[in-house]
Amino acid sequence: MNRPQPPAVVPTQPAPFPEHGRRLIIYVVYDRRGEVEEYIPFALNGLRAHAAHIMVVVNGTLSDAGRELLTPLADDILVRENVGYDIWAHKAGLDRLGDRVAEFDEVVLTNDTWFGPVRPFGPVLERMDVLPLHFWGLTDHAREEVNPFTGRGDLPYHLQSFWIAARREMVQSDEWKRYWRELPEMPGYVDAVLKHEVQFTQHFNRLGYASEAAFACEDYPTEHPALFNPDLLLADGCPVIKRRPFFHFPPFLDRHAVIGREVLREVEAYGYPMELIWADLSRNVEPKILNADAGMLEVLPDVDVSYDATAPLRTVAILHIFYPEMTHEMLDRVDTLPGAYDLVVTTPDADRAARITALIAERPREGRSVDVRVVASNNGRDQSAFLIGCRDILLSDRYDIVVKLHSKKTPQDGHNIGRHFRRQQFDNLLDSPGYTANLLALFQREQGLGLVYPPMIHIGYPTMGRAWWANKKPFAALAAELGIRVPLDDVSPLAPYGGMYIARVAALRILAEHEWTYEQFGGADAYQDGGLAHVLERMPSYAAGELGFHTRTVSTREYMSISHTALEYKLDQLAAGLPGDMVEQIRLLRGMGHLGEGRLIDLLRLYANLHMPKATASIRKFVGRSSPLGQKLAEIRESWG
């Protein structure tokens, strides 16, 4: 672990936390919306019994609703400019208290980067209270030979800064006061790590101050147990779990076999309210990253093992049928729904409506109402029919669940591809009565579950690595207009690419409340990437996430057998000839940029991106389109992004 060795003479003798001592907690909150996620009051409530005074420091802004959540649990709330990350927020809290800090026997500097208490705080605090220390942390990080943030030098051993508890002897020292008085500016996250987190422990250890970690990395099989071994920490009584394992770069976690799904199962077993985790992560993590980190694909059996028939969900199936000859096939699917459901069909004209009505009449179902609607326009196809033609249904409180299907043929892609895409959608949503019952049971178990739909289509389609296509910029603009602040995934969105899904009606409220018009969708020539229909196809999980609803992808066992083997082989072929593991291969390919068409100019650009990144960045920044050189490089710059 290589801890710094203390000098022979220490400035003050370390002391235990006194019986009936007073503990100050400074807890930092940051939320891009100025709100307060529900897991934060839960955390503060868990700390309340162990604190004489809780100060919450809010970086940025604080809404009235957020203040209302914090006020019953905090003795003081400080709202400040969002600069310097949580470190400068802690400094601001200490400065606000001034000489009053002397009233406390221990100061705990912590923040909102963890969920808890998963296990109780009491036993850990009692264990640490009796130790003669100057400061302590919940977890620590071993020394690394090469600093991963700089690529050179070492990363010192350090207590992790999300929880630093300092005793009176240290807090009253000149060294403590000088440290905070001379705290450097921290404009970026790496600055916060390198200028404070990895320096704090080493700095005070060298001055002679004694420290310990409640859950020391030397007792665990990795150098960073808070990220790599959260399940082992919880098993040993650690009261919190870091949020990072659920938003970190998925291939990096894959490299270390950190399985978020298994960790969350442990958290749930300890009784932590999982809805707090899902609501926070859904609002603040890129949906595709969360889907990967938390293992949110459900491979469901075709025999009902989980549906509770005593708690039925009010369900409406909304089918957009352009091809009446597919009516029976689609009814076969929705008829797998357990119990009663209502059927709404949209179609572009009266002739189709009459044919569809007659076909439905051939197969009545007890307890099912039928409403066949002729929409005012086919502009936008199933998207407009759903959001405009059925807006009244989506805004009503008549249903809990909506099933969205449409008569998909995709004839332009060829028979085999179109057939597979249709089956991929229909089978993974409504495969059999048992399968569909298990799918609806997911909504029964998880009140925060907003949507389920099949995984990304990749057989027959080059979606992998480019599924935003030309939709990302218009998507970002529309999301801003709708007030959706869920961060966008980088390469491809988490989305129902076939336009079919099963959703909790409440999760679609942002999309349903907006007053769309058929004119916005344009005619048949507008039904392409960059058009509103294709943008909206990618929107549901982000709109649901803004409201705190999470998404799960679902698959039959049969489809997973087909999909996984094809995907495994394709990934194996892509990785061939590239050095390193998957993380290094991804970094190499992303660093090279778009491969283009393999022309000489493409190869020169790839070389420049890899070996002269600063020069290429300067070209992108300073060469304008109006100059001759800028005009020459405009096409290349587009591929740089």
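Hey, any hits in region 219-227 for a residue that's surrounded by fewer than 21 Cβ atoms within 10 Å (Cβ to Cβ), at positive phi, part of a loop (DSSP other than H, G, I, E, B) and in contact (Cβ under 8 Å) with a residue 60 or more places away in the chain?
Residues of region 219-227 surrounded by fewer than 21 Cβ atoms within 10 Å (Cβ to Cβ): 219-224, 227.
Restricting the remaining residues to those that are at positive phi gives none.
The answer is no, given that none of the residues of region 219-227 is surrounded by fewer than 21 Cβ atoms within 10 Å (Cβ to Cβ), at positive phi, part of a loop (DSSP other than H, G, I, E, B) and in contact (Cβ under 8 Å) with a residue 60 or more places away in the chain.
Conditions (1) out of contact with any Lys or Arg (no Cβ under 9 Å at 6 or more places or on another chain); (2) closer than 24 Å to L440 by Cβ; (3) exposed (fewer than 13 other Cβ atoms within 10 Å of the Cβ), marked per residue:
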residue	(1), (2), (3)
G522	yes, no, no
A526	yes, no, no
G530	no, no, no
Y569	yes, no, yes
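Please verify whether region 154-169 includes one or more residues that are out of contact with any strand residue (DSSP E or B) (no Cβ under 9 Å at 6 or more places or on another chain) and either buried (at least 22 other Cβ atoms within 10 Å of the Cβ) or under 19 Å from A214 (Cβ atoms) (or both). Spell out how you get there, then give the answer.
First, pick out the residues of region 154-169 that are out of contact with any strand residue (DSSP E or B) (no Cβ under 9 Å at 6 or more places or on another chain): none.
No, region 154-169 contains no residue that is out of contact with any strand residue (DSSP E or B) (no Cβ under 9 Å at 6 or more places or on another chain) and either buried (at least 22 other Cβ atoms within 10 Å of the Cβ) or under 19 Å from A214 (Cβ atoms) (or both).
Among the residues of region 486-496, is any of a type in the set (D, E, K, R), assigned to a loop (DSSP other than H, G, I, E, B), at pLDDT 95 or above and surrounded by 17 or more Cβ atoms within 10 Å (Cβ to Cβ)?
yes
Residues being touching a Ser or Thr at 6+ places or on another chain (Cβ under 8 Å) and either in contact (Cβ under 8 Å) with a residue 60 or more places away in the chain or more than 16 Å from M456 (Cα to Cα) (or both): count how many of those fall in region 408-421.
Of the residues in region 408-421, the ones touching a Ser or Thr at 6+ places or on another chain (Cβ under 8 Å) are 417-418, 421.
Narrowing the set further to residues that are either in contact (Cβ under 8 Å) with a residue 60 or more places away in the chain or more than 16 Å from M456 (Cα to Cα) (or both) leaves 421.
Total meeting the criteria: 1.
Please specify each residue of region 561-601 satisfying the condition of being outside any helix (DSSP H, G or I) and not acidic (D, E).
The first filter runs over region 561-601 and keeps only residues outside any helix (DSSP H, G or I), leaving 576-581, 593-599.
Selection gives A576, G577, L578, P579, G580, G593, H594, L595, G596, G598, R599.
Can you tell me which of D105, D99 is surrounded by fewer than 17 Cβ atoms within 10 Å (Cβ to Cβ) and closer than 30 Å to G208 by Cα?
On the way: D105 fails: surrounded by fewer than 17 Cβ atoms within 10 Å (Cβ to Cβ).
After applying the criteria, what remains is D99.
Just wondering, is there one or more residues in region 177-195 that are surrounded by 21 or more Cβ atoms within 10 Å (Cβ to Cβ) and at pLDDT 95 or above? Let's see the steps before the verdict.
Quick first cut of region 177-195, residues surrounded by 21 or more Cβ atoms within 10 Å (Cβ to Cβ) only: none.
Checking region 177-195: not a single residue is surrounded by 21 or more Cβ atoms within 10 Å (Cβ to Cβ) and at pLDDT 95 or above.
Suppose we filter A358, A354, A385 for residues that are buried (at least 20 other Cβ atoms within 10 Å of the Cβ) and either in a helix (DSSP H, G or I) or touching a residue at least 60 places away in the same chain (Cβ under 8 Å) (or both); which single one remains?
Values: A358 fails: buried (at least 20 other Cβ atoms within 10 Å of the Cβ); A354 fails: buried (at least 20 other Cβ atoms within 10 Å of the Cβ).
None of the others qualify; the one that does is A385.
Hey, can you tell me all the residues within region 366-382 that are over 13 Å from T517 (Cα atoms) and either free of Cβ contacts under 8 Å to residues at least 24 places away in the same chain or not in a loop (DSSP other than H, G, I, E, B) (or both)? Explain how you work it out, then say what you get.
So the first thing to find is which residues in region 366-382 are over 13 Å from T517 (Cα atoms), and the list is 366-374, 382.
Selection gives V370, D371, V372, R373, V374, D382.
Take region 249-285 and flag every residue that is surrounded by fewer than 20 Cβ atoms within 10 Å (Cβ to Cβ) and not in a helix (DSSP H, G or I).
F249, H256, A257, I259, Y270, G271, P273
Hey, any hits in region 206-216 for a residue that's of a type in the set (A, V, I, L, M), not in a loop (DSSP other than H, G, I, E, B) and not assigned by TED's automatic domain parsing to the domain that holds D95?
No, there is no match, as no residue in region 206-216 is of a type in the set (A, V, I, L, M), not in a loop (DSSP other than H, G, I, E, B) and not assigned by TED's automatic domain parsing to the domain that holds D95.
Here are F200, F228: which of them is touching a Ser or Thr at 6+ places or on another chain (Cβ under 9 Å) and under 30 Å from E81 (Cβ atoms)?
On the way: F228 fails: under 30 Å from E81 (Cβ atoms).
Of F200, F228, the one residue that is touching a Ser or Thr at 6+ places or on another chain (Cβ under 9 Å) and under 30 Å from E81 (Cβ atoms) is F200.
Give the residues of region 289-344 that are in the same structural domain as P433 (by TED's automatic domain parsing), part of a strand (DSSP E or B) and either polar (S, T, N, Q) or surrounded by 19 or more Cβ atoms within 10 Å (Cβ to Cβ) (or both), sorted by residue number.
Within region 289-344, T315, V316, A317, I318, L319, H320, L343, V344 meet the criteria.
Considering only residues that are buried (at least 21 other Cβ atoms within 10 Å of the Cβ) and of a type outside the set (F, W, Y), which ones fall in region 73-91? Before you say what the answer is, go through the steps one by one.
Looking only at region 73-91, we keep the residues that are buried (at least 21 other Cβ atoms within 10 Å of the Cβ), and these are 74, 84-90.
Across region 73-91, the qualifying residues are A74, G84, D86, I87, A89, H90.
For region 506-537, how many residues are acidic (D, E), over 21 Å from I401 (Cβ atoms) and either modelled with pLDDT of 95 or more or touching a Phe, Trp or Tyr at 6+ places or on another chain (Cβ under 8 Å) (or both)?
Taking region 506-537 as the starting set, the residues that turn out to be acidic (D, E) are 513, 515, 519, 525, 529, 537.
Subset that is over 21 Å from I401 (Cβ atoms): 515, 519, 525, 529.
Subsequent filtering for residues that are either modelled with pLDDT of 95 or more or touching a Phe, Trp or Tyr at 6+ places or on another chain (Cβ under 8 Å) (or both) retains 515, 519, 529.
Count: 3.
Under 8 Å between Cβ atoms, at least 6 apart or on separate chains: pull out the pairs that start in region 574-586 with a residue that is closer than 18 Å to D490 by Cβ and free of Cβ contacts under 8 Å to residues at least 40 places away in the same chain and end on any residue that is part of a helix (DSSP H, G or I) and of a type in the set (G, A, S).
Matching pairs, first to second residue: Q585/A575.
Filter region 408-424 down to the residues that are part of a loop (DSSP other than H, G, I, E, B) and surrounded by fewer than 20 Cβ atoms within 10 Å (Cβ to Cβ) and list them by number.
In the first step, residues of region 408-424 are kept if they are part of a loop (DSSP other than H, G, I, E, B); the result is 408-410, 414.
If the condition is that a residue be part of a loop (DSSP other than H, G, I, E, B) and surrounded by fewer than 20 Cβ atoms within 10 Å (Cβ to Cβ), then K409, T410, G414 are the ones that fit.
Residues checked against (1) within 25 Å of R265 (Cβ to Cβ); (2) at pLDDT below 95; (3) over 27 Å from the mean Cα position of the chain (by Cα):
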site: M128; (1), (2), (3): no, no, yes
site: L131; (1), (2), (3): no, no, yes
site: W136; (1), (2), (3): no, no, yes
site: H141; (1), (2), (3): no, no, no
site: F149; (1), (2), (3): no, yes, no
site: P156; (1), (2), (3): no, yes, yes
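Scan region 387-429 for residues that are closer than 17 Å to Y518 by Cβ and in contact with a strand residue (DSSP E or B) (Cβ under 6 Å, 6 or more places away or on another chain) and jot them down. Outline the logic, then answer.
So the first thing to find is which residues in region 387-429 are closer than 17 Å to Y518 by Cβ, and the list is 387-392, 394, 406.
Scanning region 387-429 gives G389, C390, H406.
Among the residues of region 388-401, count how many are of a type outside the set (S, T, Y) and in a loop (DSSP other than H, G, I, E, B).
Looking only at region 388-401, we keep the residues that are of a type outside the set (S, T, Y), and these are 388-395, 397-398, 400-401.
Then drop every residue that is not in a loop (DSSP other than H, G, I, E, B), which leaves 388-390, 397-398, 400.
Number satisfying all stated conditions: 6.
The values are calculated or read from the model by the stated rules, or taken from the named source; none is laboratory data. Everything quoted here is computed from the prediction, not taken from an experiment. All Cβ positions, even for glycine, are placed from backbone atoms using ideal geometry, and neighbour counts span all protein chains on display.
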